[in-house]
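J.: My questions all concern the structure below.
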C-alpha cells in the first residue's frame, strides 16, 4: 500500500520536475541512504559475493532501476497517478509470462482468460470509454511498459535477495542505476532548470516510501515467497492509494474508469486466489 501512495507523490513530482532528472536522483539518493546504513551496520557484501552475483546485479540495474524507472517516470508525467496505481496491477501477468519463458511454467487457460478481462478493464480505465489516443493514453502505455520491465526482474531479484540480503540488493542496484542515468540527466539538462521545489519535496516522499522502505520489503518478500504472489498481492495497493489521491490531490475517476478499475482489481485478486489454490 505504501508503494501506491508513493506513486501518487511521484506522479505529482514528475509533472513539476524533469522525469530523467528525477530518475537519476532516485537511484543515487535511495542507494546512498541504504549503502550508508549498511556500512554502519557492517552489512555490506564482500567483493567475492558481488562477483558471484554480477550478472543478476547488472540485469536488475538495467531493466528495473534504469529502463523501468525511466518509463515509469515519463509515463507518470503524462497521466494521472490515480490511474497509474491500477495499471501497475498488470505486473503479475508479466511475472507469470517470464516464469513461462524461463521456468517453463505454462499458464492455465483460465489465467489467459483473466488477462483478457484485465486488459479490457485497463482500456476502460485509460480511455473512459472514448476511443482516442492522446498524451494521457501514451502515459498509460509507458506505465504498462514499465511494469513489463519490473516483471522481468523478479527471478533475478529473488536470487540477489537470497545471496546478498534485501537492503544490499536494493542499495547496490539503486546506486548503480542512478549513477548510469546521471550523466544523461546532465547532458539533456532541461532548459527549465531543476524545476519546482514542491516537486522535489514530493520526490523525497516518494523515494522514502517506495525505494527505501517498500522496495527493501519487496526484496525481503522475494526471499521466501514466489514472485507472482508478491506481485499479485500488490493489488491491495489501490485500496489505499485511490482514496489518498482523491483526498490529498483531488484526483478522481469517471464512472466508466471506476468500472475499469474495479475489473483490474478483481482480476488481480482472482489470479492470486487461483494460484494460491493451484500450487
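Quick note: the coordinates plus some simple rules give every number you see, no bench work behind them. All values derive from a computational prediction rather than experimental measurement. Every residue, glycine among them, receives a Cβ derived from its backbone with ideal geometry; neighbour counts consider all protein chains shown.
J.: Where does the stretch 1-61 land on the Kirkwood hydrodynamic radius, alpha-carbon pairs, in angstrom?
T.: Over the stretch 1-61, the inverse of the mean reciprocal pair distance is 14.0 Å.
J.: What does the highest-first list of 35-47, 106-118, 5-17, 67-79 look like by mean Cβ count within 10 Å?
T.: So the peptides 35-47, 106-118, 5-17, 67-79, ranked by packing, come out 5-17, 67-79, 106-118, 35-47.
J.: Something else: What percent do you get for the relative contact order of the chain when only Cα pairs under 8 Å and 6+ apart count?
T.: It comes to 41 percent, rounded to a whole number.
J.: While we're here: Work out how much length residue 101 to residue 162 would gain on full extension: take 0.36 nm times their residue separation and subtract the Cα-Cα distance, in nm to one decimal.
T.: Between residue 101 and residue 162, full extension yields an extra 19.8 nm.
J.: Quick one: length gained pulling residue 119 to residue 180 fully straight, 0.36 nm per residue minus the C-alpha distance?
T.: 18.6 nm
J.: Taking R0 as 22 Å, what's the FRET efficiency between residue 246 and residue 217 from their Cβ-Cβ distance, rounded to 0.05?
T.: Efficiency computed from Cβ-Cβ geometry: 0.30.
J.: Full-extension gain between residue 255 and residue 108, please, as 0.36 nm times their residue separation minus the C-alpha to C-alpha distance.
T.: Using 0.36 nm per residue and subtracting the Cα-Cα distance, I get 49.7 nm.
J.: Can you give the relative contact order of the stretch 87-176 as a percent, counting alpha carbon pairs under 8 Å and 6+ residues apart?
T.: 39 percent
J.: To the nearest 500 deg cm²/dmol, what mean residue ellipticity at 222 nm is calculated for the chain from DSSP H runs of n ≥ 4 alone, each contributing -39,500 (n - 2.57), summed and divided by the residues?
T.: Computed ellipticity for the chain at 222 nm equals -24000 deg cm²/dmol.
J.: Let me ask something else. Output needed for the stretch 78-213: three equivalent-ellipsoid semi-axes, defined as square roots of 5 times the C-alpha gyration tensor eigenvalues, in descending order, whole Å.
T.: 29, 25, 13
J.: Which whole-number percent is the relative contact order of the stretch 1-120 (Cα, under 8 Å, 6+ apart)?
T.: Here the relative contact order equals 41 percent.
J.: Distance between Cα centroids, the stretch 53-106 to the stretch 118-184: provide it in whole Å.
T.: The distance from the Cα centre of the stretch 53-106 to that of the stretch 118-184 comes to 3 Å.
J.: Please arrange 182, 147 by counting, for each residue, the other beta carbons lying within 10 Å of its beta carbon, fewest first.
T.: 182, 147
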